[in-house]
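Asks: Quick one: structure below, then a few questions.
The values are calculated or read from the model by the stated rules, or taken from the named source; none is laboratory data. If you're wondering where the values come from, they're calculated on a predicted model, not measured in any experiment. Virtual Cβ from ideal backbone geometry, glycine too; neighbours counted across all protein chains shown.
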Amino acid sequence: MTAQSGSELASRIVEARRSAAPGSFISVTLPAGFDPRSLLNDPQRNNVAASYERPSRGLALVGVGVAGRVDVPSGAHPASVREQARALLHGPVGGDAPLLAPRLLGGFRFNPAGKVGDPWRDFGAGWLVLPQLMFVLSGESNAVVVAPGVDPGAAEAVVDEAPAEEPSATTLHVERPMDREAWLTSVAAIASEVRAGAYEKAVLASTQQLASDAPISIGRALSRLRAGYPDCHLFTMTEGGTTFLGASPELLVSLLDGRVRALGLAGSAPRGETPEDDARIGEALLVSAKDRMEHEAVVRAIRERLGSLTEDLVAPNQPELRRLRNIQHLATEISARVRPGTGLLDLVQRLHPTPAVCGWPADRARAVIEAHEAFDRGWYAGPVGWMDAAGDGEFAVALRSAVVSGNRAWLFAGNGIMGDSNPASELAEVQWKFRPLSEALGA
């Protein structure tokens, strides 16, 4: 990017402010050839607070700097900050891309009341940030939304100094593997309790720690995830020198023009080595009694939780296969029309946690998780996403994810445990789920 193009950008922001109402957000198109995703090659250097991508849709949101922020109080839920979030987004929009409204990016803990441990101590119960510079790449535009009071020179500097190339790769090794014996024991115990009728399902997660001799490249990991998992929700959330990143296959909820969408995703199997093998495994997943029961519990819970907040709810009776690079899932897309007065954060609070990441009934499953998981899930399996001033937005479930701090990474993955769950099979499945981030980070 040349200095001339950055200078022109700053001049256009200044000019737009002259003709806009006081305190306006300014949306301007970016210089030709500038890709906001290049800022993610080195998010720490570029002061990226958060990002959210849908590669297959050509959408990328990259938030640089923090103009405003809403922190969720300890133990509180997403809807508790609804009015504060709206206040941050309030204001007119000017510039040559006026249809691009400001947005907040952020996420929330899986269990807001849970005890906080490493590596989550800086993240809190959740937050939403208003970036100083919100870069928006979509099929319709490539622009930046500049928050009120932000120096136009900041946009110029970011565009001019963004690294054009990904940093070099790092090689990781497993420093602390998952505790396999504890996992096998816990799966057997949970399955026994489910068979005895204590509850329907509990989701057991695990973690492992990786290390490198050099700082881990988040940019290279994102590039690999973009290429390998284009249908997933890619995200980064950064606090201090620590970044939470992932490529989640699971939509929690989206709201657009009054229409709600959610995804029931539960029941998993590996991909096949050949097209014929892949089809055979997929067909077996579709007729698996264990996986269908697990999946139907998730869909039922979503329907029940959306019921009082929506109208005209549509949920197919039969799931479809959702195939990713190394795993395939049973999936059911659910849609409805939102009732007046219901906001996106209300929907996030009502749907989280789904039985796909917690279990059913939720309160009993949380107790099982507390008893069997000797680590803090933090934001893993919590909601991450964005929202705009119109109340529209999208939150994914933070799965297939890792925390990176310097030369260390903590990976997280989990499985739904049912009455007929086999410990060895569940161990194999959770290891498939570690692979996307393990490979992307360079292990």
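Quick grid of which residues meet (1) among the hydrophobic types (A, V, I, L, M, F, W, C); (2) within 22 Å of the chain's Cα centre (by Cα); (3) not assigned by TED's automatic domain parsing to the domain that holds Val93:
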{"site": "Asp118", "(1), (2), (3)": "no, yes, no"}
{"site": "Val146", "(1), (2), (3)": "yes, no, no"}
{"site": "Glu193", "(1), (2), (3)": "no, no, yes"}
{"site": "Ser212", "(1), (2), (3)": "no, no, yes"}
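Asks: For the range 188-212: of the residues being among the charged types (D, E, K, R) and in contact with a strand residue (DSSP E or B) (Cβ under 9 Å, 6 or more places away or on another chain), which is surrounded by the fewest Cβ atoms within 10 Å (Cβ to Cβ)?
Replies: Glu193
Asks: A further question follows. Residue by residue through the range 26-42, note down the ones that are in a helix (DSSP H, G or I) and not charged (D, E, K, R).
Replies: Once the filter is applied, which keeps residues that are in a helix (DSSP H, G or I) and not charged (D, E, K, R), the range 26-42 yields Pro36, Ser38, Leu39, Leu40, Asn41.
Asks: Report those strands (runs of 3 or more DSSP E) wholly inside the range 51-142 carrying at least 3 residues which are among the hydrophobic types (A, V, I, L, M, F, W, C).
Replies: Counting at least 3 such residues, we get 59-64, 103-108, 126-130, 133-137.
Here is a yes/no grid of residues against (1) modelled with pLDDT of 95 or more; (2) of a type outside the set (Lys, Arg):
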| position | (1), (2) |
| --- | --- |
| Leu252 | yes, yes |
| Pro275 | no, yes |
| Asp291 | no, yes |
| Ala315 | no, yes |
| Gln318 | no, yes |
| Arg322 | no, no |
| Thr332 | yes, yes |
| Ala336 | yes, yes |
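Asks: Considering only the range 295-349, give the strands (runs of 3 or more DSSP E) lying wholly within it that have at least 2 residues that are aliphatic (A, V, I, L, M).
Replies: Qualifying strands (runs of 3 or more DSSP E): 310-314, 327-338.
Asks: So, one more: So, of the residues in the range 359-373 that are at pLDDT 95 or above and touching a helix residue (DSSP H, G or I) at 6+ places or on another chain (Cβ under 7 Å), which turns out to be nearest to Gly393 (Cα to Cα)?
Replies: Ranking the qualifying residues of the range 359-373, first place goes to Val368.
Asks: Shifting gears a bit: Is it fair to say Arg292 is assigned to a strand (DSSP E or B), surrounded by fewer than 18 Cβ atoms within 10 Å (Cβ to Cβ), in contact with a Leu (Cβ under 8 Å, 6 or more places away or on another chain) and not β-branched (Val, Ile, Thr)?
Replies: Judged against the criteria, Arg292 is not a match.
Asks: If you don't mind, another one. Does Ala85 satisfy the criteria of being small (Gly, Ala, Ser) and more than 26 Å from Ser27 (Cβ to Cβ)?
Replies: No; evaluated as a whole, the condition is false for this residue.
Asks: If you don't mind, another one. Determine whether the range 36-54 contains at least one residue that is surrounded by fewer than 16 Cβ atoms within 10 Å (Cβ to Cβ) and at pLDDT 90 or above.
Replies: no
Asks: Among what's in the range 370-421 and is in a loop (DSSP other than H, G, I, E, B) and either among the charged types (D, E, K, R) or free of Cβ contacts under 8 Å to residues at least 40 places away in the same chain (or both), pick the residue that is surrounded by the most Cβ atoms within 10 Å (Cβ to Cβ).
Replies: Arg400
Asks: For the range 385-394, check the following and say yes or no: at least one residue is of a type outside the set (A, V, I, L, M, F, W, C), assigned by TED's automatic domain parsing to the domain that holds Leu324, over 17 Å from the mean Cα position of the chain (by Cα) and within 25 Å of Gln84 (Cα to Cα).
Replies: yes
Asks: Sticking with this structure for a sec: Filtering the range 9-35 down to residues that are of a type in the set (Gly, Ala, Ser), surrounded by fewer than 16 Cβ atoms within 10 Å (Cβ to Cβ) and more than 13 Å from Asp96 (Cβ to Cβ), which residue is modelled with the lowest pLDDT?
Replies: Result: Ala32.
Asks: Exactly one of these conditions fails for Glu181: (1) in contact (Cβ under 8 Å) with a residue 12 or more places away in the chain; (2) among the charged types (D, E, K, R); (3) not in a strand (DSSP E or B). Give me its number.
Replies: Result: Glu181 fails condition (1) only.
Asks: Given the structure, is Pro355 surrounded by 23 or more Cβ atoms within 10 Å (Cβ to Cβ), more than 13 Å from Gly114 (Cα to Cα) and not polar (S, T, N, Q)?
Replies: When the stated conditions are applied, Pro355 passes them.
Asks: Collect the residues in the range 310-340 that are among the hydrophobic types (A, V, I, L, M, F, W, C), surrounded by fewer than 19 Cβ atoms within 10 Å (Cβ to Cβ) and over 22 Å from the mean Cα position of the chain (by Cα), keeping them in residue-number order.
Replies: Listed by number, the residues that qualify are Leu313, Val314, Ala315.
Asks: Let me ask something else about it. In a loop (DSSP other than H, G, I, E, B) and touching a residue at least 24 places away in the same chain (Cβ under 8 Å), is that true of Asp160?
Replies: No; evaluated as a whole, the condition is false for this residue.
Asks: Kindly evaluate Arg45 against the criterion of being assigned by TED's automatic domain parsing to the domain that holds Gly117, within 14 Å of Thr236 (Cβ to Cβ) and either without any contact (Cβ under 8 Å) to a residue 40 or more places away in the chain or out of contact with any strand residue (DSSP E or B) (no Cβ under 7 Å at 6 or more places or on another chain) (or both).
Replies: Criteria met by Arg45.
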